[in-house]
Each structure stands twice: as C-alpha cells, then as structure tokens.
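Asker: First the structure, which I've put down as structure tokens, then a few questions once you've had a look.
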Amino acid sequence: MTKGLLKKLLEQTRESRAHFTLIDPDKTTPEEAGKLARFAAEAGTDAILVGGSIGVYEPVLSDTVKSIKESSGLPVILFPGNLNGLTPEADAVLFMSMLNSDDPYYISGVQMQAAPIVLRLGLEPLPTAYIIVGYGGAAGYVGRARPIPYEKPELAAAYALAAAMMGMRLIYLEAGSGAPKPVPPEAVSLARKLVERSGLEARIIVGGGVRRPETARTIAKAGAHILVTGNLVEENPLVLPEVVKAFKSP
Ligand code: 1GP
C-alpha cells in the first residue's frame with residue numbers, strides 16, 4: 001500500500017521546508033476547489049490537504065479530490081475529521097491521533113475503525129500526531145481537545161517528543177483554522193529541539209491562523225518543517241505566494 005509519499009516528504013524536508021494548502025470541501029464546490037488548488041500550485045505549495053471538521057460527505061469529497069488532482073497535478077493528502085473524510089481518489093491520508101483529546105475515540109477509537117478502510121482504499125497512511133494549541137477552532141471543539149495554553153510551550157514540546165517516541169513521523173501543531181493567534185514560535189522551537197535531541201526522524205507541521213509572510217517566516221525560523229494554510233487561499237489569495245516564499249526561503 002505504501003506509495004512512497006512519506007519517504008519523499010521526509011527527504012524533501014530534511015534540508016528544506018514545504019507548504020501545504022488546506023481545502024475544505026464544505027466551503028467550496030469541487031470546481032472552485034480545482035481552481036484554488038491550481039492557484040496554490042502556482043504559488044509554490046507542495047501538496048493539497050483536503051478535509052474539515054463538519055459537512056464532509058460523498059460524492060462531494062471524491063469529486064473535490066478529483067478536481068484538485070486534475071487541475072493542479074499536486075499530491076492530495078486527506079485531512080479527515082472522522083470516518084467520512086476518506087476517499088480512494090486521494091494519494092495519502094494524515095493518519096492522525098489527537099494526542100491531547102480527552103476522548104479516547106479521537107486518540108485511538110476512530111483509528112481502529114478507519115484502519116481497515118484505509119487499507120481497502122489503498123491510501124498511504126502518514127502516521128501523524130495531532131496536537132491542539134490555544135484556540136483550537138472547530139477541530140479542537142469536535143475532537144474534545146484539552147488545548148495547550150499559549151503560554152505553556154513546554155507542554156506542546158513534550159507532546160511532540162512523546163509522538164516521536166511513539167513512532168509518529170509527522171507532528172502537527174494546530175492552532176485551529178482561523179485562529180486569532182498561530183501556534184507560538186516557542187512551542188515550535190522547543191518541539192524541534194527535543195525531537196532532534198531524541199535522534200528520531202519526525203517532521204513538525206504548523207497550521208492555524210497564519211495570514212502574513214512575517215508570521216510564516218517566524219514559524220520557519222522557529223524550526224517548522226511544513227506550514228499549512230487554509231483560509232488564506234480564499235480570503236487573501238494574493239498574499240499566498242508571499243507566505244509560501246517567506247516560509248520556504250532558506
Ligand atoms: C487548519 O491548520 C489549518 O486545520 C489551517 O488553518 O485556515 O487558519 O490557515 P487556517
């Protein structure tokens with residue numbers, strides 16, 4: 001079932017950084033999603049995440065993924081809020097465990113239900129820790145997260161280290177879509193430091209509330225390997241190329 005996307009991603013982010021654009025099928029038509037993805041590809045994004053916390057259903061999800069693939073040529077990685085977020089049209093899935101949920105369903109329950117489906121659909125699973133920081137947004141609310149306070153970066157870093165020690169290869173620090181403040185850079189740098197000290201190979205993804213190139217730059221300097229932006233491509237598309245550039249430039 002492995003299609004090699006994880007390997008490629010780990011290689012690509014060993015020395016440089018990557019940017020993902022999140023498209024929520026509940027907020028766009030499949031046709032619009034295709035256009036947004038093409039625009040994002042031209043802006044330098046490396047992959048499209050597709051998913052959302054509510055309103056994701058078939059056949060809209062599959063049509064959305066198909067349209068994105070056709071018009072952008074980019075890999076599509078599912079970012080599921082639940083079992084309804086899976087389609088064989090995608091290349092891979094962030095196989096996530098929300099480590100700081102108070103509900104075991106979001107830590108290992110839904111994963112047990114999803115695993116045989118992911119296998120059957122032929123999706124490449126990308127082992128991902130999902131850690132909610134601060135605001136949390138719909139993802140934090142639906143996933144019953146106990147969000148890490150902004151002023152406690154050491155807790156986010158400890159979760160990140162635990163994730164690496166449990167064998168997860170991607171560690172997603174999430175402030176929530178539309179967060180008023182992104183994940184604090186201190187949490188990113190501390191997480192990166194601890195994971196590096198462990199000698200384990202894992203990459204840090206940061207997302208939620210990034211709207212400006214300066215913020216993207218700060219998150220890059222703090223040590224994030226991958227930046228996710230969602231709302232930006234719709235709300236302020238002209239800034240997207242600058243954000244991608246600011247994050248990815250050495
Ligand atoms: C949400 O991290 C993503 O899951 C992206 O958030 O929409 O605020 O960019 P934004």
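Asker: If you take every DSSP beta bridge fully contained in the range 5-248, what fraction is antiparallel? Give it as a percent rounded to 5.
Answerer: For the range 5-248, the DSSP antiparallel bridge percentage is about 5.
Asker: If you scale each eigenvalue of the Cα gyration tensor by 5 and take the root, what three semi-axes come out for the range 68-211, rounded to whole angstrom and sorted largest first? Don't skip to the end; give the middle numbers.
Answerer: Numbers: eigenvalues 118, 56, 51 Å².
Gyration-tensor ellipsoid for the range 68-211: 24, 17, 16 Å.
Asker: Now, a different point. For a quick check of your reading of the filter: which GluC sites (Glu not before Pro) in the range 167-201 sit in a DSSP loop and have no more than 15 other Cβ atoms within 10 Å? Let's see the in-between values first.
Answerer: Values: sites: 174, 186, 196, 201; in loops: 201.
Passing sites in the range 167-201 are 201.
Asker: How are the Cα pair distances of the range 114-177 distributed, in percent, across 5 Å bins from 0?
Answerer: Pair shares across the bins are 4, 18, 21, 20, 19, 11, 5, 2, 0.
Asker: Given R₀ = 25 Å, what would the calculated FRET efficiency be for residue 113 paired with residue 201, taking r from the Cβ atoms and rounding to 0.05?
Answerer: Values: r = 28 Å, r/R0 = 1.13.
The formula returns an efficiency of 0.30 here.
Asker: Still on this model: What is the spread of the Cα atoms of the chain along each of their three principal axes, largest first, in whole Å?
Answerer: 42, 40, 32
Asker: Let me check against my output: what whole-number percent is the relative contact order of the range 5-248, with C-alpha pairs under 8 Å and at least 6 apart?
Answerer: Values: 535 pairs, mean separation 46.4, N = 244.
Relative contact order for the range 5-248 comes out at 19 percent.
Asker: From the convex hull of the Cα coordinates of the range 185-250, what is the mean projected area in square nanometres?
Answerer: Values: hull surface 17.1 nm².
Dividing the Cα hull surface by four gives the mean projection, 4.3 nm².
Asker: Can you pull a Stokes-Einstein diffusion coefficient for the range 1-50 at 4 °C (1.567 mPa s), Rh from Kirkwood over Cα pairs, as a whole number of µm²/s? Please list the in-between numbers first.
Answerer: Numbers: Rh = 12.2 Å.
Translational diffusion coefficient: 107 µm²/s.
Asker: Using a 7 Å offset from the Cα along the Cα-to-Cβ direction at both residue 235 and residue 70, what is the distance between the two label points in nm, to one decimal?
Answerer: It works out to 3.0 nm between the two label points.
Quick note: the coordinates plus some simple rules give every number you see, no bench work behind them. Since the model is a prediction, treat every value here as computed from it, not as a measurement. Ideal geometry is used to build each Cβ from the backbone, glycine not excepted, and the neighbour counts take in all protein chains shown.
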